[in-house]
Amino acid sequence: MEEKIIYDFDAVISREGTFAEKYEARERFFGSAAVEPFWVADMDLPTPAFLVDHLRERLAHPMFGYTEQYNAVFDAIVWWMKNQHGATVDPKWISLSSSVVTSISIAIQSLTEPGDSVIVLSPVYGPFFSCTQANGRNVADCPLRIEQGRFEIDFAALEKTMAQADVKLLMLCNPHNPGGRVWSPSELAQLAHLCATNGVILFSDEIHCDIVYPPHRHNSMLNIAEASGNCIVAHSIGKTFNTSGLQASFSIIPDAALRKRFRAGLERVHAGDVNLLGKVALAAALSPEGADYKRQLVDYLGENTRLVCEKLQALEGVDVMAPEATFLVWSDFRKHGAWPEVFKRLIHNADVALSGGTFFGPAGEGWFRINCAHPRSKLLPAVDRIVAEFQNKPH
Ligand SMILES: Cc1ncc(COP(=O)(O)O)c(C=O)c1O
């Protein structure tokens, strides 16, 4: 039997010279090019070697012209969704695109009209707001409630918002960024029911669905019967395989009429494809080898997030949401004073660049998100610096 590959996530690999946004944009966002970056949600962990080998193999051929959308890409997606998420997908339901945010924008453009409203359950990934607004639509924010340290959907408020005539689309982050919440089948079914009865299309952004910590399991909207007529599920290999720079994403729409409208939107701006290397990466990543790597990655990230939560939970005046999914830890620093002050102390005294909560909407004010997808030897000392800065030093 072939020996199983053991991945080394502790290796520290410099990203210098790679134009990594997380590093290059520090000066612009934090006023310091030296601060250690735990913000942009990509990993300081390497893409698995088997996947890099597939890319290298393709690079050995010296022509990089137009490529067809070949079956191996669709077969890989179908296999992954079945094998990893128990979802049966017909290859005809799949549309490629360069990024999940592209699909979000296309959904807004092709499925709503200017002046319509899009529901978001905030705090949530910033482009849910910015894409809606950039396209001249209104954000109908239905903030999540915090109960016993985790986010809950406010179904009563949602029902009222849904009933507004101009609401056409609901954007769900499943699992949730920044709270790391895994939505249950019954919550998803309730959402799907509300959307179906109010004629609202449901966009389920499932980009974080592969990083889920046992005993939790990802529940895809594709497995919710009542969503089959009006849902779009978007995914990508970007987070799981650290390939966001390759821009390889896809969406899945079971309903033929909805798919036709969405694809027309993709075609209008010529956005319905993935670049040549992205296709190679998709076909290689979504495989048994990829599943093996993912299992080890989830183990590593689960321990990272657990250790970070443990350290921060011991800090008086900081409330931490222990993530059920994602490599992100969402923490409430409001008891330590106004967020601009806390932000400065994090940057200048603790030497860490975290995502500020207002990126996720007004409900995120005073919160910070820590990206834990870093080798432990980098991550844990950074969290220790945060603890040292805020310990016994309330504002
Ligand atoms: C919920 C969510 N959706 C989408 C994205 C971005 O995906 P893409 O690079 O495919 O646009 C991110 C990145 O952090 C995210 O957290």
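The values are calculated or read from the model by the stated rules, or taken from the named source; none is laboratory data. Only a predicted model underlies this, so the values are computations on that prediction, with no experimental measurement involved. Reconstructed Cβ throughout: ideal geometry from the backbone, glycine too, with neighbour counts over all protein chains shown. Heads up: the accessible areas ignore ligands, DNA and RNA and are worked out on the full protein's heavy atoms, side chains in. Shrake-Rupley method; radii C 1.70, N 1.55, O 1.52, S 1.80 Å.
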Margin query: With the crude spin-label approximation of a point 7 Å out along Cα→Cβ, what separation in nm comes out for Leu59 versus Ile146?
Written below: 4.4 nm
Check: Along the Cα-to-Cβ line of Ser184, 7 Å from the Cα, sits a label point; which residues in the stretch 76-101 have backbone N less than 15 Å from it?
Finding: none
Item checked: Coarse-grained scattering of the stretch 29-101 at q = 0.25, 0.26 Å⁻¹, given as base-10 log I(q)/I(0) from a Debye sum over alpha-carbon atoms -> -1.25, -1.26
Next item on the list: Kindly rank 90-100, 254-264, 281-291 from highest to lowest mean number of other beta carbons found within 10 Å of each residue.
Entry: 281-291, 90-100, 254-264
Checklist line | Label-point gap, in nm, between Glu341 and Arg261 - each point 7 angstrom along Cα→Cβ | finding: 4.9 nm
Margin query: Please list, in order along the stretch 90-95, the HN-Hα scalar couplings obtained from phi with the Karplus expression 6.51 cos²θ - 1.76 cosθ + 1.60 (θ = phi - 60°), rounded to whole Hz, x for Gly and Pro.
Written below: 7, x, 5, 7, 8, 10
Check: Between Glu289 and Thr358, what length comes free when the chain is fully extended (0.36 nm per residue of separation minus the Cα-Cα distance, one decimal in nm)?
Finding: 21.0 nm
Next item on the list: With no solvent and one equal point scatterer per Cα, compute the Debye intensity ratio I(q)/I(0) for the stretch 62-286 at 0.14, 0.18 Å⁻¹ and report its log10, rounded to two decimals.
Entry: -0.83, -1.41
Notebook entry, point to check: If the cut-off is a Cα-Cα distance under 17 Å, which aspartates and glutamates reach Lys22, setting aside same-chain residues fewer than 8 apart in sequence?
Noted result: Glu36, Asp42, Asp44, Asp351
Item checked: Tail beyond 24 Å, pair distance distribution of the stretch 155-284 (Cα, percent) -> 35 percent
Margin query: From the convex hull of the Cα coordinates of the stretch 65-172, what is the mean projected area in square nanometres?
Written below: 9.6 nm²
Margin query: Which three extents, in angstrom, do the Cα atoms of the stretch 212-281 have along their principal axes, listed largest first?
Written below: 41, 32, 15
Check: Can you list the residues, at least 5 places off or on another chain, whose amide H is less than 5 Å from the amide H of Asp141, using H built in the peptide plane?
Finding: Val120
Notebook entry, point to check: How high is the FRET efficiency from Thr88 to Ala165, r the C-beta distance, R0 51 Å, rounded to 0.05?
Noted result: 0.90
Check: Could you give P(r) for the stretch 1-54, binned at 10 Å from zero, as whole percent values over all Cα-Cα pairs?
Finding: 19, 43, 23, 11, 3, 0
Next item on the list: Give me the percent of Cα-Cα pairs in the stretch 273-395 that sit more than 24 Å apart, rounded to a whole number.
Entry: 37 percent
Checklist line | the stretch 291-390: GluC sites (Glu not before Pro) in DSSP coil with no more than 15 other Cβ atoms inside 10 Å | finding: Glu316, Glu365
Notebook entry, point to check: How many Å² of accessible area per residue for the chain, probe 1.4 Å?
Noted result: 43 Å²
Checklist line | Volume per residue of the C-alpha convex hull in the chain, rounded to whole Å³ | finding: 146 Å³
